[in-house]
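These notes concern the structure reproduced below.
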Amino acid sequence: MHRVALLIACCVGAVVARPQAAAVTPIPILVDERVPIDQFGGYGFRIQTGNGIAWQENGAASGPLNAISKTGQYTFSHPDGTPHVLSYTAGVGGYQPVSDLLPTPYPLLPWQIEQVRFAESQKAAQAAAAAAGTV
């Protein structure tokens, strides 16, 4: 009998001690426009929410195989207020994002550029020697 009472007390304690869910305020969708998929797979949409997120994308068949090429853009604000804008294209050539916030490689130093040029000249000389049959 004591075990049953202890089990019930533990269950009640676990229920009372569970984390309380915070009130979630739904974010309104201000714009939701969609272009139906056409016979070649083309489509489009534009979405904008009440918290400043916007996304638009269009896709269309292109090329001899009717591969879908996409273009789009999304925007939002970071918590510090910095606007984030990213435009992109995607298709046969892959995904090509464009944004000021994308990381870029550090510029090469002059000595590094010199080494790259030297390696290219060595490779070209080796290829010329192989073509002449002297290697």
* Within segment 88-128, restricting attention to residues that are in a helix (DSSP H, G or I) and among the aromatic types (F, W, Y), which residue is nearest to G63 (Cα to Cα)? -> F118
* If a residue has to be open to solvent by 70 Å² or more (accessible area, probe 1.4 Å), in contact (Cβ under 8 Å) with a residue 24 or more places away in the chain and either within 14 Å of L102 (Cβ to Cβ) or not in a loop (DSSP other than H, G, I, E, B) (or both) to count, how many in segment 60-87 make the cut? -> 1
* Structure fact -> The correct count of residues that are touching a strand residue (DSSP E or B) at 6+ places or on another chain (Cβ under 6 Å) and in a loop (DSSP other than H, G, I, E, B) in segment 28-49 is 4
* Asked: Would segment 19-32 turn up any residue that is at pLDDT below 85, on the phi > 0 side of the Ramachandran plot and open to solvent by 70 Å² or more (accessible area, probe 1.4 Å)?
  -> no
* Test: residue in segment 47-59 that is surrounded by fewer than 13 Cβ atoms within 10 Å (Cβ to Cβ) and farther than 29 Å from L101 by Cα -> no
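The values are calculated or read from the model by the stated rules, or taken from the named source; none is laboratory data. Computed from a predicted structure; not experimentally measured. When we count neighbours, we look across all protein chains shown, and the Cβ atoms used for this are built from the backbone with ideal geometry, even at glycine. SASA here: full protein model, heavy atoms, side chains in, ligands and nucleic acids out. Shrake-Rupley method; radii C 1.70, N 1.55, O 1.52, S 1.80 Å.
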